[in-house]
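First the structure, in the form of structure tokens, and then the observations on it.
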Amino acid sequence: MDHDAGGRGHLNIPVFLAKLDELTPVQRLVALWIFGGVALALVTWASVHFELNLATTAAALLIVIVLLSLLDSFVSSAFFSLIAILSLNYFFVQPLYTLDVSEVQDIAALAAFLVCSLTVTGLVRRLRDSADIQREQAQLLELTADAIIVRDMDGAISYWNRGAEQLYGWSRADAIGKVTHDLLQTRFPVPLAQINALLLDAGRWEGELVHRRRDGTEVPVASRWAVQKDARGQPVGILENNTDITERKQADELLHRSQAAFLAEAQRLSHTGSFGWNVVTGRIHWSDETFRIFGYEPAAEPSIDLLIQRTHPDDAVRVRETIYRAADGERGFDFEFRLLMPDGTVRHVHAVAHSMRNGSPDLHYVGAVSDITPAKEALAERARAQEMLDRVQADLAHAARVSVLGELTASIAHEVNQPLTAIASSAAAGVRWLRRPVPNIEEVRELADSIVSDAQRAGEIISRIRAMAARKAPERTLLVLDEVIGEVLLFLRNEARSRTVTVLQYTAPEAPQVLGDRTQLQQVIVNLAINAMQAMVQAGSSERRVVIRTLAADGTSVRCIVEDSGPGIPPEHIDRLFESFFTTKPSGMGMGLPICRSIIEAHGGRITVDRAGTAGGASFSFTLPAASEQI
Ligand code: ADP
């Protein structure tokens, strides 16, 4: 396959050929024809001189024509054949020295010579053409930077291009005849037998190999193999094309490393590690962040035991069960558990995983584990803060109630006084009846009954006041809102009278019951009613009226409106009424309305204010959901 030796090296007259190459086509043709004519003339002269016969001369001329045909086209060969026939005819066919032919057999001999000459030169021409094509193809193989190797079925190298010489450092002479994989110490991605099986099956194979150069360094290559077959379809050799992928590998490696670095950073920032678990081999992989979350050195060998050791004893059984279930079938998991760290602190983690087959028959899980301790602590902290807020609100509501009771002392005294006065007069009357000569026992018994009921009324009033003053946890019961309002008005009756305020109650018997804390709802109505009275007194309103109306809005809620005939609310105050500590009263606390709002909202309702209601002054209204809506 050596095509190097100076271009058209088939004829051993390179100087002449080199000269021919420098000429134009016409000059070349003329030179060739002259050269050919001279050669034929010389052979003819020699034959005449040595008195050779027709056959020998014809054979000698044929050789010259064949040699000449290696140099140029078929036309030239035909031209030389014609000259040769004319010479043979002139010098060797009877009558001699004429172009006449007397014998038929001579005509046949000359015709045979012509056919033979044209056939042979035609064949030579064809051989030359295919040799040219082969040479051009071989030159192409030399041009490529890829290493191209042809080896037989035993691996012995039969072709080794310049790219292979440059890539591996072995010259063609070094490589030819050697076994490729010995020479290059090939490292295969899978066993060679497997590759060969694939190659023979599909006729080709592609993959990445690592070869060793002559200087001992390694080079990764992308390798493409194709089987060459003979005419009967039998594999005779393998064409191997190898491309150096060192740079691509380095770029890949760099990319991979930077991606891994980003991933590790993202895991660190999000406190989320990853893990892999091959259930069949038992191999477990933890990312750096997973090691950090579990509090182990990255040098440790990850295992289920290591995980269980770190698990909080109270959660260990649950964790073990989850792992067993996952190992049993392809069920992923998503659960939270606690870790007990060596320093005694507790860490909350959330683990989630799903199974993957990934082309292998093994059951494999991949998942993530997040350290959710900060979130858990924030949640607990929020719950603690909420609890504290609730307590402060309850304390405030209690303080507000006690302060209202303080304002209502006169009314309360009056309310309690009434039954006490009645008791005293009934008792006095009873004593009188008993002192009679004939005591009227029946009369005394009736008086005693009314003493009992008056005492009960006084007791009830006192126990309600105690309930208002008590600091107890809210308690939800089924209530009829109109009844609650009625009880409140009992307290307020005297209060209203002393301020010449008329209080009107419009009930809604069809209104649904509500689920609420009696004392808290009483507090809302007392606040609204007292605010209304105070506003009217403060403004010096001549007509002082408070209207408390309930409405059964639509069966799903109850609405209560508290209106007054006072001054109403100035527009600039309307948005601030429910703010804590907003007050326009010299001795006000500014907590009444905020407390009303928190009570109503805690009951699932809403409280709103209108600047001017139907009674001429302010109009507050709240809704409460029906008990049926809350259960
Ligand atoms: P306080 O009664 O201690 O002032 P509140 O929160 O109960 O606290 O009331 C806040 C303010 O709302 C009152 O100071 C008053 O200016 C206004 N306000 C409340 N109710 C009425 C009303 N019915 N008419 C006019 N103004 C009112």
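What follows is calculated from the coordinates using simple rules that are stated; it is not laboratory data. Everything numeric here is computed off the predicted structure, so don't read it as measured data. Here the Cβ positions follow ideal geometry from the backbone for every residue, glycine too, while neighbour counts run over all protein chains shown.
I need the fraction of alpha carbon pairs in region 119-237 separated by more than 17 Å, rounded to a whole percent. The partial results should precede the final answer.
Values: 4452 of 7021 pairs.
Beyond 17 Å sits 63 percent of the P(r) for region 119-237.
Let me know the volume per residue of the alpha-carbon convex hull for region 254-304, in Å³.
89
Express in nm, to one decimal, how much length is gained between T421 and S403 on full extension, taking 0.36 nm for each residue of separation and deducting their alpha carbon distance. Walk me through the numbers on the way to the answer.
Numbers: separation 18, 0.36 × 18 = 6.48 nm, distance 2.70 nm.
So the extension gain works out to 3.8 nm.
Beyond 30 Å, how much of the Cα-Cα pair distribution for the chain remains, as a whole percent? Walk me through the numbers on the way to the answer.
Numbers: 153977 of 198765 pairs.
The calculated P(r) of the chain puts 77 percent of pairs beyond 30 Å.
On full extension of the chain, what length is gained from R471 through E336, given 0.36 nm per residue of separation minus the C-alpha to C-alpha distance? The partial results should precede the final answer.
Values: separation 135, 0.36 × 135 = 48.60 nm, distance 3.97 nm.
Length gained, R471 through E336: 44.6 nm.
Based on alpha-carbon atoms only, what is the radius of gyration of region 274-378 relative to the globular estimate 2.2 N^0.38 Å? List each step's numbers first, then the result.
Details: Rg = 13.5 Å, N = 105, 2.2 N^0.38 = 12.9 Å.
In units of the 2.2 N^0.38 Å rule of thumb, it is 1.05.
Sorted from largest down, give the three principal axis spans of the alpha carbons of region 303-352, whole angstrom values.
Principal-axis extents of region 303-352 (Cα, largest first): 36, 18, 17 Å.
I need the fraction of alpha carbon pairs in region 359-499 separated by more than 25 Å, rounded to a whole percent. Don't jump to the answer; show the numbers that get you there.
Values: 5804 of 9870 pairs.
Above the 25 Å cut-off, region 359-499 has 59 percent of its Cα pairs.
With label points built 7 Å along Cα→Cβ from the Cα atoms of V101 and D288, find their separation and express it in nm.
Once both label points are built, they end up 9.7 nm from each other.
Quick check on region 178-220: what does the Kirkwood estimate of hydrodynamic radius come out to from the alpha carbon pairs, in Å? Walk me through the intermediate numbers first.
Numbers: mean 1/r = 0.0888 Å⁻¹.
Evaluated over region 178-220, this radius sits at 11.3 Å.
Which residue, S411, A111, P437, has the largest displacement toward the positive end of the dipole of the chain when charges sit on each Cβ (Lys, Arg +1; Asp, Glu -1)?
Looking along the dipole axis, the top candidate is P437.
Just to verify a number: FRET efficiency for L478 and D610, C-beta to C-beta distance, R0 = 35 Å, to 0.05?
On the way: r = 30 Å, r/R0 = 0.85.
After rounding to 0.05, the efficiency reads 0.70.
At a Förster distance of 51 Å, what's the computed FRET efficiency of A31 paired with D174, Cβ-Cβ distance as r, to 0.05? Don't jump to the answer; show the numbers that get you there.
Details: r = 43 Å, r/R0 = 0.85.
Once the sixth-power term is evaluated, E becomes 0.75.
Three principal axis extents, largest first, for the C-alpha atoms of region 494-631, in Å?
45, 30, 27
For region 164-174, in order, what is each residue's ³J(HN,Hα) by Karplus, 6.51 cos²θ - 1.76 cosθ + 1.60 with θ = phi - 60°, in whole Hz (x at glycine and Pro)?
After applying 6.51 cos²θ - 1.76 cosθ + 1.60, I find 5, 4, 5, 6, 9, x, 8, 6, 4, 5, 5 Hz.
Between A428 and L239, what length in nm is gained on full extension when 0.36 nm per residue of separation is reduced by their alpha carbon distance? Let's see the in-between values first.
Details: separation 189, 0.36 × 189 = 68.04 nm, distance 13.32 nm.
Stretched fully, the A428-L239 segment lengthens by 54.7 nm.
Which part of region 190-208 falls in the paramagnetic zone of V280, meaning amide N under 19 Å from the point 7 Å along Cα-to-beta-carbon?
Under 19 Å, as judged by backbone N against the label point of V280, lie 190-191 of region 190-208.
Using the beta-carbon distance between S73 and D154 and R0 = 51 Å, what value does 1/(1 + (r/R0)^6) give for FRET efficiency, to the nearest 0.05?
Details: r = 44 Å, r/R0 = 0.85.
That gives a FRET efficiency of 0.70.
For K178, give me every one of the aspartates and glutamates with a C-alpha distance below 15 angstrom, ignoring sequence neighbours fewer than eight places off in its own chain.
D152, D154, E165, E240
To the nearest 20 Debye, how big is the dipole of region 83-174 about its Cα centre, given +1 on the beta carbon of each Lys and Arg and -1 on that of each Asp and Glu? Working shown, then result.
Details: 7 positive and 12 negative charges, 19 e Å.
Around 100 debye, computed over region 83-174.
Quick one: give the max-minus-min coordinate of the C-alpha atoms of region 66-132 along each principal axis, largest first, in Å.
45, 18, 14
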